[in-house]
Amino acid sequence: MRIAVQGETLLERLALRSGRVPLPALQSLAGMALPGVLVATVRLGLLERLAARKATPEQLAEDLSLRADTTRLLLEALRALGYVRAGRRGRYAPTRAARRWLLADSPRSVRSYVASHEEYWPWWSRLPEHAGGAAVVDHHLAPADSPYWREYIEGQYELARFSAPEFAAAVRVPEKARHVLDVGGGHGWYAAQLCARHGGLRATVLDLPGSVAVGRRIIADAGWASRVDHREGDARTAQLGSGHDVLLCLNLLHHLRPEEIPPLLHRFRAALRPGGTLAVLDLFARDPDQRGPDATAAGLGLLFHLSSGASLHGRRQLLDWLAESGFVEPRSTELRRIPGQVLFQAVAG
């Protein structure tokens, strides 16, 4: 008798807990299937075609010039993941979840974000080489005119739409504040949402040339170009100016090595007016005294290590760096829309 329990059978669960199943074999094989199916689905436009009209695998394959057998297998994988359903006459259609998250015309779509993960395959394949001493593949060094930047920044923008309103509501903006500097802000949507909550604010987003080109378009298309502008520069070397009321450092620290962060925070302190706010949003590794490693954080830390040579940093380490750099009154807020994201704020002393 097989009893389904949260996506797996009771017998399967008992077998896994018994320690008699070669779990690494299953993890290394099936683990590759999930991103492979999702990336291929987005790249091939399967769901857009099915959203326009239900189709059998053969009809879908003919319309998109694909192999019928591969298309059938992809659809069955998507059905197992809950993104399509099979109806009468063997015709498939997108589910509500697919229409919400994976169709290009959905306001909640993360389609570009999913598609950008195709770039990650070669990073992971080089892990043994990197462990042996080979250099990382720093994706921030892609040429400014590379199509990589469009998909990467648009994907980051898709995710930012979920947490940016919550972020903007949590940031402490000093009275009579006039200017925000968003260092490494890419798409600029966090800065735009902060300006939306505070009528007198304007923002400058500082980022690499490829990122800036895409971010400018996103901000212009959203109607925020009069309040949010972009400037090219590397966060580690660019002139930051002075007298800013708020400085944003969002999902940047995990791309920097530990020795790079204290000098950067000192520069942030010099760029803020006394009493100005520094807002740091990032993912963080567990501190040494916390119970056990977090599997998701550990995996993301390794991914960032492969793509930039850095990794996730601990919350306590960040607090120490902030104090050493002249920041006071630190506090943290966990954002709910994107699990794991923590907002740290501190005041320029």
How many of the residues making up the stretch 271-290 are part of a strand (DSSP E or B) and closer than 30 Å to LYS176 by Cβ? 11
For LEU264, indicate whether it is at pLDDT 95 or above and in contact with a Leu (Cβ under 9 Å, 6 or more places away or on another chain). yes
Is it the case, given these coordinates, that ARG231 is assigned to a loop (DSSP other than H, G, I, E, B) and surrounded by fewer than 16 Cβ atoms within 10 Å (Cβ to Cβ)? no
Tell me, which residue of the stretch 298-320 that is over 25 Å from TYR152 (Cβ atoms) and either of a type in the set (Lys, Arg) or within 15 Å of the chain's Cα centre (by Cα) (or both) is surrounded by the most Cβ atoms within 10 Å (Cβ to Cβ)? ARG315
Hits in the stretch 49-65 - residues which are without any contact (Cβ under 8 Å) to a residue 40 or more places away in the chain and surrounded by 13 or more Cβ atoms within 10 Å (Cβ to Cβ): ARG49, LYS54, ALA55, THR56, PRO57, GLU58, GLN59, LEU60, ALA61, GLU62, ASP63, LEU64
Among the listed residues ALA348, ALA323, which satisfies the condition of being surrounded by 20 or more Cβ atoms within 10 Å (Cβ to Cβ) and either without any contact (Cβ under 8 Å) to a residue 60 or more places away in the chain or not β-branched (Val, Ile, Thr) (or both)? ALA348
Could you look through the stretch 168-219, keep only residues that are among the hydrophobic types (A, V, I, L, M, F, W, C) and part of a loop (DSSP other than H, G, I, E, B), and pick out the one that is nearest to ARG231 (Cα to Cα)? LEU208
Among the numbered criteria (1) out of contact with any Ser or Thr (no Cβ under 8 Å at 6 or more places or on another chain); (2) modelled with pLDDT of 95 or more; (3) not small (Gly, Ala, Ser), which one does LEU60 miss? (1)
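The values are calculated or read from the model by the stated rules, or taken from the named source; none is laboratory data. Note that the coordinates shown come from a computational prediction; the quantities given were computed from them, not determined experimentally. Reconstructed Cβ throughout: ideal geometry from the backbone, glycine too, with neighbour counts over all protein chains shown.
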